[in-house]
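The values are calculated or read from the model by the stated rules, or taken from the named source; none is laboratory data. Fair warning: this is a prediction, and the values are worked out from it, not measured in the lab. Note that each Cβ is placed from the backbone with ideal geometry, even for glycine, and that neighbours are counted across all protein chains shown. Heavy atoms of the whole protein, side chains included, go into the accessibility calculation; ligands, DNA and RNA do not. Shrake-Rupley method; radii C 1.70, N 1.55, O 1.52, S 1.80 Å.
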Amino acid sequence: MRMSITLILILVLLPTFAGGSAQESAVEGTFVPSDATAQVSALQEGKVIATTRGGVQTGTFRLPLAAGTYTIMVSAPVSSFPIRLDGIVVKSGATTMLPPLLIMPGSGKAVLEGRVIPPRLDSDITLLSEGKERARLRTDREGRYEFRGLSAGTYEVWASAPGHAADMTRVVVPENQRVQQTAVLLPIVATDGVDWAGGKVRASGIGFPPKDAGNTGSVRAMTQRAALADAQRNLLRTVEQIKVDGSRTVGTFMRSRNGAERIQGFLKGYTIVGERELDNGRIEIILELPLTGPAGLSRYIAE
């Protein structure tokens, strides 16, 4: 009797155990032609939730996602512009099948290639033309990327990775030419005077009026010059503390070949963003420099 009861319990519980593992939610699709490859990303409120590289050898892709509504972006280096599918609903435990995705080669023959420093597998490269996203991909193990089939024109290259400040640079691509562009991603490390969210580095300096000076006008001019010199020294000290990678700071970089010359050139691009009079005739001046972008620090430490 005991054996019969045990057997009945096993038979009753078997269906429960068989269906106990929840089925994974996902979106799936195929590329046309079948040998095309592309990066598929799911976004919510403009933020990338998940990404996969599809089409390698099979012409298909599967992107696991939690239940919800997504925008699906499909970017291929050879395609003119990404495919955008809005309002894609993924239900819990179900697979949403997308329509066949046609990957059309671009009409140009130019190539934009480069690498991201430091090399990371999770670095995203986005190519924009006339303010619109043209293509998006992830770098390989060596941090390299390549966009093919480009028409002549001016492009923006955006590089980003978790824990790093996004970098942007403008690149002019001539017709039928191969252009190289390096992107540098600075690790986000709390540093006094560095605003990572705003992409700026700031420093201030204070000038004291000279004791033995002539007229009031000359006193003020001399105090301003003293404040500016102090701000420049403090700006250099702040920049020297910024991390270039896991082991080096800008100060370390300055000891490398041409490093000091490059950073001095960067420092000359400061902007005076504030000036105020303090007590006892003192003057404070605030300087600012961009961390990233066309004139940013990242441009000057690119190897």
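Step by step: first the residues of the stretch 196-217, then only those that are in contact (Cβ under 8 Å) with a residue 12 or more places away in the chain and not hydrophobic (A, V, I, L, M, F, W, C), then the one that is surrounded by the fewest Cβ atoms within 10 Å (Cβ to Cβ). Which residue is that?
The initial filter retains those residues of the stretch 196-217 that are in contact (Cβ under 8 Å) with a residue 12 or more places away in the chain, namely 196, 199-210.
Keeping just the survivors that are not hydrophobic (A, V, I, L, M, F, W, C) gives 199-200, 202, 204-205, 207, 209-210.
Working: GLY199: 20, LYS200: 17, ARG202: 21, SER204: 18, GLY205: 19, GLY207: 22, PRO209: 15, PRO210: 13.
So the residue we want is PRO210.
Kindly indicate which of ARG220, ARG257 is without any contact (Cβ under 8 Å) to a residue 60 or more places away in the chain and farther than 19 Å from ALA165 by Cβ. Talk me through it step by step, then tell me what you get.
Numbers: ARG220 fails: without any contact (Cβ under 8 Å) to a residue 60 or more places away in the chain.
Just a single option satisfies the conditions, and that option is ARG257.
Only residues that are over 10 Å from ALA42 (Cα atoms) and surrounded by 16 or more Cβ atoms within 10 Å (Cβ to Cβ): list them for the stretch 58-80, please.
Step one: of the stretch 58-80, the residues over 10 Å from ALA42 (Cα atoms) are 58-62, 66-68, 75-80.
The answer is GLY59, PHE61, SER75, ALA76, PRO77, VAL78, SER79, SER80.
Can you find a residue in the stretch 4-20 that is in a loop (DSSP other than H, G, I, E, B), open to solvent by 30 Å² or more (accessible area, probe 1.4 Å), polar (S, T, N, Q) and at pLDDT below 90? No, every residue in the stretch 4-20 fails to be in a loop (DSSP other than H, G, I, E, B), open to solvent by 30 Å² or more (accessible area, probe 1.4 Å), polar (S, T, N, Q) and at pLDDT below 90.
Taking residues in the stretch 161-174 that are closer than 15 Å to GLU113 by Cα, and partners anywhere that are in a loop (DSSP other than H, G, I, E, B) and open to solvent by 20 Å² or more (accessible area, probe 1.4 Å), the pairs with Cβ atoms closer than 7 Å and at least 6 places apart or on different chains are MET168/THR292; THR169/PRO294; ARG170/PRO294; VAL173/ALA152; PRO174/ALA152. In the set (1) at pLDDT below 90; (2) closer than 30 Å to ILE103 by Cα; (3) surrounded by 14 or more Cβ atoms within 10 Å (Cβ to Cβ), the condition left unmet by GLU175 is number (3). Scanning the stretch 86-103 for residues that are on the phi < 0 side of the Ramachandran plot and open to solvent by 40 Å² or more (accessible area, probe 1.4 Å) gives ASP86, VAL89, LYS91, SER92, THR95, MET97, PRO99, PRO100, LEU102. Screening the stretch 175-190 for residues that are assigned to a loop (DSSP other than H, G, I, E, B) and touching a residue at least 40 places away in the same chain (Cβ under 8 Å) and picking the one that is farthest from GLY269 (Cα to Cα) gives ASN176.
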